[in-house]
Amino acid sequence: MAGEKSCVTLLSGGMDSATLLALATHSFNKVFALTLIYAQRHDREVESAKRVAEFYGVPHKIMDISNINALLQGSALTSSEIDVPKGHYAEENMKLTVVPARNTILLSLAAGFAISLGYTHVSFGAHAGDHAIYPDCRPEFVDAMQNVFCKFHFWPIGIWAPFLDYTKGGIINAGKPLNVPYELTWTCYDPQPNGLACGKCGSCTERIEAFYENRLIDPVQYVGGWDVALKNALEVLEKGPSR
Ligand SMILES: [Zn+2]
């Protein structure tokens, strides 16, 4: 239909992409959620992605591309030999969670899928808090990819990245009026055997801070409970990055 806007939304199962999906359902005529499995440690997150897509009643494709991990070594998220770092999310050692060319690969696959569907856009949940560690979450990266997607494909694809200037707390603030089901989401890079979030990895720390900023209790279950997780996160944040 002329003027119809449609979007393939990268849905990881984390709180950013869940909020993104919620916003997308308000901003586009059609939304298709796409979960690309590439990190070895994220089974729990994929389950969350399924539940979030079901919650919004959008079609959802889950594609396991983890066999590309053999090409993408050097990251704690794709290499079983590298432990996920603990501590402040802006710390130097968090660079161990950088997956080589991650968003170039994920956005390109999403764009190919969008072209196949005849959709107009792809979206992903990059935000300002990621700029320091992940170059492929920065506005300049999105501009450059947008240039490629618009000028060098027969079917131009727009990139919708509404959180580029948002902090993680800002994303939750945007999600609040939309009643995003954060209890279904998963953020922890180091899930514990009992199904709880560790409360100590950089990803947990950042998430806990975001809920705290909004004066909210995170509905996800942490080892030792919310009070323990919050106390630990505030201590880590107080210390700041040890660079
Ligand atoms: Zn964690």
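The values are calculated or read from the model by the stated rules, or taken from the named source; none is laboratory data. Bear in mind the structure is a predicted one, so any value in this text is a computation, not a measurement. Counting neighbours? That spans all protein chains shown, and the Cβs are built from the backbone with ideal geometry, glycine included.
For segment 126-168, which positions are of a type in the set (Gly, Ala, Ser), closer than 18 Å to Thr205 by Cβ and either surrounded by 19 or more Cβ atoms within 10 Å (Cβ to Cβ) or at pLDDT 95 or above (or both)?
Gly129 - this is the single residue of segment 126-168 that is of a type in the set (Gly, Ala, Ser), closer than 18 Å to Thr205 by Cβ and either surrounded by 19 or more Cβ atoms within 10 Å (Cβ to Cβ) or at pLDDT 95 or above (or both).
Filtering segment 169-188 down to residues that are crowded, with 20+ Cβ neighbours inside 10 Å and not in a loop (DSSP other than H, G, I, E, B), which residue is nearest to the ligand (Cβ to nearest atom)?
Selected residue: Tyr182.
Conditions tested, residue by residue: (1) in contact (Cβ under 8 Å) with a residue 60 or more places away in the chain; (2) part of a helix (DSSP H, G or I).
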residue	(1), (2)
Pro100	no, no
Thr104	no, yes
Ser108	no, yes
Phe113	yes, yes
Tyr119	yes, no
Glu140	no, yes
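How many residues are of a type in the set (D, E, K, R) and either in a loop (DSSP other than H, G, I, E, B) or under 17 Å from Pro193 (Cα atoms) (or both) when one looks only at segment 26-56?
5
Of the residues Gly202, Gly195, only one is of a type outside the set (Val, Ile, Thr), within 16 Å of the ligand (Cβ to nearest atom) and on the phi > 0 side of the Ramachandran plot; which?
Selected residue: Gly195, the only one of Gly202, Gly195 that is of a type outside the set (Val, Ile, Thr), within 16 Å of the ligand (Cβ to nearest atom) and on the phi > 0 side of the Ramachandran plot.
Looking only at segment 1-55, which residues are surrounded by fewer than 16 Cβ atoms within 10 Å (Cβ to Cβ) and hydrophobic (A, V, I, L, M, F, W, C)?
Once the filter is applied, which keeps residues that are surrounded by fewer than 16 Cβ atoms within 10 Å (Cβ to Cβ) and hydrophobic (A, V, I, L, M, F, W, C), segment 1-55 yields Met1, Ala2, Phe55.
Need pairs with beta-carbon distance below 9 Å; first residue of a type in the set (A, V, I, L, M) and within segment 222-241, second surrounded by fewer than 16 Cβ atoms within 10 Å (Cβ to Cβ); sequence gap 6+ or separate chains.
Val223/Gln192; Val223/Asn194; Leu230/Ile217
Pull up segment 45-104, narrow it to residues that are closer than 22 Å to Thr19 by Cα and of a type in the set (Asp, Glu), then point me to the one that is modelled with the highest pLDDT.
Per the stated criteria, the residue is Glu54.
From (1) more than 25 Å from Lys168 (Cβ to Cβ); (2) in contact with a Gly (Cβ under 8 Å, 6 or more places away or on another chain); (3) at pLDDT below 85, pick out the condition that doesn't hold for Ser6.
All conditions are met except number (3).
Note down all Cβ pairs under 6 Å where the first residue falls in segment 189-207 and is part of a loop (DSSP other than H, G, I, E, B), the second is among the acidic types (Asp, Glu) and within 6 Å of the ligand (Cβ to nearest atom), and they're at least six residues apart or on different chains.
Note: pairs meeting the criteria are Cys198/Asp190.
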